[in-house]
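First the structure, in the form of structure tokens, and then the observations on it.
The values are calculated or read from the model by the stated rules, or taken from the named source; none is laboratory data. Bear in mind that the values here come from a model prediction, so they are computed numbers and not experimental data. Don't worry about glycine lacking a Cβ; one is built from the backbone with ideal geometry, like all the others, and counts go over all protein chains shown.
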Amino acid sequence: MRNHDQTRGKSGLDNGPDSLRQDLDESKTRIKVLLKSVSDAVVIADIDGTIDTYNNAAQTLFGYSADEVLGKSVTKLMTSFDAGRFDKYVERFLKSDCSEIISAGPKEVIVGHKDGSSTLVELTLAELSSGKKRLFIAAMKDINDRGPSLEDIHKIADHDPLTELYNYNYLKMELGRVMERRKRGEGNPSALLYINVDRFKFINDTMGLDAGDCVLVALGKKIKQRLRGSDMAARLSGDEFAVLIYNTTQELAEYVGNEFQKFITKELVEYEGKKITLRCSVGITLIDGKTDTLGEVLNNAVDACKRAKNLGGNCVMIHQ
């Protein structure tokens, strides 16, 4: 047994940084040994997302060996949807009551696998005290074999969790199907409406991220209220939304785009007693079989929206 007086002074305090470092290294070693036998996948990372610890069960869940992930970003283990928003998640975490977030209990999330597939897991997040370094421990239990149905998993994978609209990945798949049908000469043209909130960065910077989320949720509700049952809507990222209109003409698409724009900006959004004026710009492009690629369709709609913003925003432009 180590002599207590060899590592601590008479006051009971550590003799110096070498002793603290040694204690920390020993603690981490004990944790790693313990985690090897835990059935749940466990990943420990710092506030920047750099992976510090990765147990055997995590290797089974994610398909990566420890050598492939240790020292790398935790985004490697996320779906592309979450990985692209990791910085936003961290920013919101630091600005919020951390203790409230990490003690909120387990939640169901989708994680990525090395082979490109996704898995539904039950995630529990907690902060791990480790000297001055902030570490966070994520324990994950694979629940694909119980509880949620395949339909539930698809909904999590295909929908934006904030607005409950379809997400960017699903929109791309549906646009691909629409374009293929048109190239084969099947059906009538469709149209893509690209909707972007005006002055959204100003709202986030002056009122906070929660106010920005409130605006996005309100916009999602308004889009769903105005949406025809035969059409679909998606949130692409941030303040970017899209509406796919089937069986239309350029004139009808332009009319629908203006109706959306008017309906969205008709009422104020309330947040903590404050009223926010909701403004948006809309860009429209027709999908008539003449565009070659998915990227071209999306870029045409975005370019039309940029023209609307260059005119002062809060208006509709159609790609010619």
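Working only within the range 191-210, note down all residues that are over 29 Å from Glu254 (Cβ atoms) and in contact with a Lys or Arg (Cβ under 8 Å, 6 or more places away or on another chain). Working first, answer last.
Applying the first criterion (over 29 Å from Glu254 (Cβ atoms)) to the range 191-210 yields 204-210.
Passing the criteria: Met207, Gly208, Leu209.
Look at Gln261 and say whether it is closer than 19 Å to Met317 by Cα and either outside the structural domain of Thr79 (by TED's automatic domain parsing) or within 19 Å of the chain's Cα centre (by Cα) (or both).
Yes.
I'm trying to understand the selection: among the residues of the range 107-123, which are at pLDDT 80 or above and β-branched (Val, Ile, Thr)?
Residues satisfying the conditions are Val111, Val121.
Exactly one of (1) of a type in the set (Ser, Thr, Tyr); (2) in contact with a Cys (Cβ under 9 Å, 6 or more places away or on another chain); (3) part of a helix (DSSP H, G or I) is unmet by Tyr194. Its number?
Tyr194 satisfies every listed condition except (3).
Residues that are of a type in the set (A, V, I, L, M, F, W, C), touching a His at 6+ places or on another chain (Cβ under 8 Å) and buried (at least 17 other Cβ atoms within 10 Å of the Cβ): find the strands (runs of 3 or more DSSP E) completely inside the range 214-305 holding 2 or more of those.
280-287
Scanning the range 142-200 for residues that are of a type in the set (Gly, Ala, Ser) and modelled with pLDDT of 85 or more, which turns out surrounded by the fewest Cβ atoms within 10 Å (Cβ to Cβ)?
Looking at the filtered set, the residue picked out is Gly176.
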